[in-house]
Amino acid sequence: MPQVQHKQRRSRKVERLEARVTPAQKRLIERAASLRGTSVTEFVVASAQEAATTTIKDFDVLHLRDQAREVFINAVLHPPAPNKAARAAAERYRRHKGV
């Protein structure tokens, strides 16, 4: 049976990041990279990407407390009736889609 070769798509790494660190920070990063079995560059990039993803997720998630949560839940569960503009927009959509 012939073997199928799978090509992995790799993004070309053309961008560069630079950072100045203290000797202690460099030793710490080098040790951590060594423990993970990766290069310092791979460790730094993976760590920065993970931190960036977490930071973005934290900012994208809506956190509501107390009264704000109650107002939001009530609006979702009991939305107001559509006004004239919303009904007109829905009608335009139906005509456009042929529904």
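Considering every residue within region 70-79, establish whether at least one is in a loop (DSSP other than H, G, I, E, B), without any contact (Cβ under 8 Å) to a residue 60 or more places away in the chain and polar (S, T, N, Q). Outline the logic, then answer.
Our first condition is that a residue be in a loop (DSSP other than H, G, I, E, B); within region 70-79, this holds for 78-79.
Add one more test, that the residue is without any contact (Cβ under 8 Å) to a residue 60 or more places away in the chain, and what stays is 78-79.
Those left that are additionally polar (S, T, N, Q): none.
No, every residue in region 70-79 fails to be in a loop (DSSP other than H, G, I, E, B), without any contact (Cβ under 8 Å) to a residue 60 or more places away in the chain and polar (S, T, N, Q).
Given the structure, is LYS97 over 32 Å from the mean Cα position of the chain (by Cα), modelled with pLDDT of 95 or more and of a type in the set (Lys, Arg)? Spell out how you get there, then give the answer.
On the way: over 32 Å from the mean Cα position of the chain (by Cα): yes; modelled with pLDDT of 95 or more: no; of a type in the set (Lys, Arg): yes.
Spelling it out, it is not the case that LYS97 is over 32 Å from the mean Cα position of the chain (by Cα), modelled with pLDDT of 95 or more and of a type in the set (Lys, Arg).
Looking at LYS57, is it under 30 Å from VAL14 (Cα atoms), out of contact with any Phe, Trp or Tyr (no Cβ under 9 Å at 6 or more places or on another chain) and loosely packed, with under 10 Cβ neighbours inside 10 Å? Spell out the reasoning first.
Working: under 30 Å from VAL14 (Cα atoms): yes; out of contact with any Phe, Trp or Tyr (no Cβ under 9 Å at 6 or more places or on another chain): yes; loosely packed, with under 10 Cβ neighbours inside 10 Å: yes.
So LYS57 fits the description; yes.
Of the residues that sit in region 46-69 and are in a helix (DSSP H, G or I) and among the aliphatic types (A, V, I, L, M), which one is modelled with the lowest pLDDT?
Just the residues of region 46-69 that are in a helix (DSSP H, G or I), to begin with: 46-60, 66-69.
Checking which are among the aliphatic types (A, V, I, L, M) leaves us with 46, 48, 51-52, 56, 68.
Working: ALA46: 97, ALA48: 98, ALA51: 98, ALA52: 97, ILE56: 95, ALA68: 91.
Among those that are in a helix (DSSP H, G or I) and among the aliphatic types (A, V, I, L, M), it is ALA68.
Quick one: which residue in VAL21, VAL99, VAL45, VAL40 is among the hydrophobic types (A, V, I, L, M, F, W, C) and either in contact with a Cys (Cβ under 8 Å, 6 or more places away or on another chain) or loosely packed, with under 10 Cβ neighbours inside 10 Å (or both)? I'd like the intermediate steps shown before the answer.
Details: VAL21 fails: either in contact with a Cys (Cβ under 8 Å, 6 or more places away or on another chain) or loosely packed, with under 10 Cβ neighbours inside 10 Å (or both); VAL45 fails: either in contact with a Cys (Cβ under 8 Å, 6 or more places away or on another chain) or loosely packed, with under 10 Cβ neighbours inside 10 Å (or both); VAL40 fails: either in contact with a Cys (Cβ under 8 Å, 6 or more places away or on another chain) or loosely packed, with under 10 Cβ neighbours inside 10 Å (or both).
Among VAL21, VAL99, VAL45, VAL40, only VAL99 is among the hydrophobic types (A, V, I, L, M, F, W, C) and either in contact with a Cys (Cβ under 8 Å, 6 or more places away or on another chain) or loosely packed, with under 10 Cβ neighbours inside 10 Å (or both).
Whether any residue in region 46-67 is aromatic (Phe, Trp, Tyr) and within 28 Å of ALA32 (Cβ to Cβ) is what I want to check. Walk me through it before giving the result.
Here is the first cut: in region 46-67, the ones aromatic (Phe, Trp, Tyr) are 59.
Filter once more, keeping what is within 28 Å of ALA32 (Cβ to Cβ): 59.
The answer is yes; a qualifying residue exists.
Do we find a residue being part of a loop (DSSP other than H, G, I, E, B), at pLDDT below 95 and among the polar types (S, T, N, Q) anywhere in region 6-16?
Of region 6-16, the ones part of a loop (DSSP other than H, G, I, E, B) are 6-16.
If we keep only those that are at pLDDT below 95 too, we end up with 6-16.
Now restrict to residues that are among the polar types (S, T, N, Q): 8, 11.
The answer is yes, given that some residue of region 6-16 is part of a loop (DSSP other than H, G, I, E, B), at pLDDT below 95 and among the polar types (S, T, N, Q).
Is there any pair with a first residue in region 38-57 that is within 17 Å of GLN25 (Cα to Cα) and of a type in the set (S, T, N, Q) and a second that is at pLDDT 95 or above and surrounded by 13 or more Cβ atoms within 10 Å (Cβ to Cβ) whose Cβ atoms are under 7 Å apart and which are 6 or more apart or on different chains, and what are they?
Between residues of region 38-57 that are within 17 Å of GLN25 (Cα to Cα) and of a type in the set (S, T, N, Q) and residues that are at pLDDT 95 or above and surrounded by 13 or more Cβ atoms within 10 Å (Cβ to Cβ), the close pairs are SER39/ALA33.
The values are calculated or read from the model by the stated rules, or taken from the named source; none is laboratory data. The structure displayed is predicted, hence computed values, not measured ones. Please note: Cβ atoms are built from the backbone with ideal geometry, for glycine as well, and neighbour counts cover all protein chains shown.
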